[in-house]
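See below for the structure under consideration.
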Amino acid sequence: MTFIVADNVSKTFLTKHRQKVRAIANASLGIERNEFVCIVGPSGGGKSTLLNIVAGFEKPTQGEVLVDGTVVDGPHPSRTMVFQEFALFPWLSVRGNIAFGLEMKNIDKATCRQRVDRYLQLVGLERFADSFPSELSGGMKQRVAIARALAVQPEMLLMDEPFGALDAYTRETMQEELLRIWQQEPKTVLFVTHSVEEAVILSDTVVVMAGRPGTVRDVIRIDLPRPRRNTDPRFVEIKGRIQAEVRAASGATPNGPSTVARLRA
Ligand SMILES: Nc1ncnc2c1ncn2[C@@H]1O[C@H](COP(=O)(O)OP(=O)(O)OP(=O)(O)O)[C@@H](O)[C@H]1O
Ligand SMILES: [Mg+2]
């Protein structure tokens, strides 16, 4: 059975000024268990909205999302989200942040400690266990956010531009780390990015969304063996093809592509 099914999903928001914004229109998508899927597309194209619907934070106006055959009607601990902003708890230490979800699940103290240590190590932050978020760099904060999401060992990891604020070197390291973790502890990953290169490095499947309203424009299978090299001619060819799709998707907006959308694509 297809693990995640988005069936004809539409979402219209009502703004504070009572205007309707069609964020997603008739988006359908199927994702297999343990598949690594990246979503790319122009800014404002409904990517975060789709992720929020799969997470259960937002309800579709029309259509539905099913996970493992069950309609999503709210958040669930088997699905964790890493947000565009790091969203750490500033009053908790690094250890406290990572332990948060485990404590909510009433996991015993010894297991909790072990689990936190394991994920601290996985993201290379053992030495900062007792630091507070305000004492960390952006890259370190994001690693805490990832460790926190992984620590509850979710079936599904939803990541909204998790590496967008990182420098190029840290970003590459984090991509390698995430792939390593995903290979060690298989889970379904839905990962939003503005970097087509990142999408081709990481994913089994790339979904190109077009705005506005957000629709699924194309679904592209990436059959390259891992680890992938961005100098591989097949990599370059696939990346070029997807970049062209994203450019076309950006141009599909009624008011033409925004500068930001063009730059970010
Ligand atoms: N809570 C909300 N209330 C009103 N409009 C919203 C809300 N959330 C999103 N929107 C609108 O829905 C559309 C899609 O937004 P969304 O955040 O899903 O885009 P995105 O593809 O994630 O963009 P970006 O790449 O910039 O993060 C946008 O026009 C946005 O203004
Ligand atoms: Mg977004």
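Working only within region 158-202, note down all residues that are away from ligand 1 (no atom under 14 Å from the Cβ), in contact (Cβ under 8 Å) with a residue 24 or more places away in the chain and among the aliphatic types (A, V, I, L, M). Scanning region 158-202 gives LEU166, MET174, LEU178, LEU179, ILE181, VAL189, VAL200, ILE201, LEU202. Residues of region 1-23 that are touching a Ser or Thr at 6+ places or on another chain (Cβ under 7 Å) and part of a loop (DSSP other than H, G, I, E, B): PHE3 alone.
Screening ASP130 against (1) in a helix (DSSP H, G or I); (2) modelled with pLDDT of 90 or more leaves a single unmet condition, (1).
When VAL236 is tested against (1) over 21 Å from MET159 (Cβ atoms); (2) within 16 Å of ligand 2 (Cβ to nearest atom), just one condition goes unmet, and that condition is (2).
Residues in region 193-206 that are assigned to a strand (DSSP E or B) and buried (at least 24 other Cβ atoms within 10 Å of the Cβ): VAL206 only.
Conditions tested, residue by residue: (1) assigned by TED's automatic domain parsing to the domain that holds PRO42; (2) under 14 Å from the mean Cα position of the chain (by Cα); (3) not in a strand (DSSP E or B).
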| site | (1), (2), (3) |
| --- | --- |
| SER134 | no, no, yes |
| PHE163 | yes, yes, yes |
| MET174 | yes, yes, yes |
| GLU177 | yes, no, yes |
| ARG180 | yes, no, yes |
| GLN183 | yes, no, yes |
| LEU190 | yes, yes, no |
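The condition of being of a type outside the set (A, V, I, L, M), more than 16 Å from ligand 2 (Cβ to nearest atom) and either over 28 Å from ARG221 (Cα atoms) or assigned to a loop (DSSP other than H, G, I, E, B) (or both) holds for only one of GLY44, GLY30, GLY74, that being GLY74. Where residues in region 189-233 are more than 26 Å from GLY251 (Cα to Cα) and of a type in the set (Val, Ile, Thr), which of them is nearest to ligand 2 (Cβ to nearest atom)? Within region 189-233, the match that is nearest to ligand 2 (Cβ to nearest atom) is VAL189. Of the residues making up region 110-156, just one is small (Gly, Ala, Ser), loosely packed, with under 14 Cβ neighbours inside 10 Å and closer than 13 Å to SER93 by Cα, namely SER134. Would you please list the contacts, defined by Cβ atoms under 6 Å and residues six or more apart or on different chains, that run from a residue in region 102-130 that is at negative phi to a residue that is modelled with pLDDT of 90 or more and polar (S, T, N, Q)? Between residues of region 102-130 that are at negative phi and residues that are modelled with pLDDT of 90 or more and polar (S, T, N, Q), the close pairs are ASP130/SER93. Scan region 21-29 and tell me whether some residue there is more than 10 Å from ligand 1 (Cβ to nearest atom) and within 18 Å of ASP160 (Cβ to Cβ). The answer is yes, given that some residue of region 21-29 is more than 10 Å from ligand 1 (Cβ to nearest atom) and within 18 Å of ASP160 (Cβ to Cβ).
The set of residues in region 60-117 that are within 15 Å of GLN142 (Cα to Cα), among the polar types (S, T, N, Q) and in contact with a Lys or Arg (Cβ under 6 Å, 6 or more places away or on another chain) contains only ASN97.
The values are calculated or read from the model by the stated rules, or taken from the named source; none is laboratory data. What you are looking at is a predicted structure, and each value in this text was computed from that prediction instead of being measured. Neighbour counts are summed over all protein chains in view; Cβ atoms, including those assigned to glycine, are modelled from backbone coordinates with ideal geometry.
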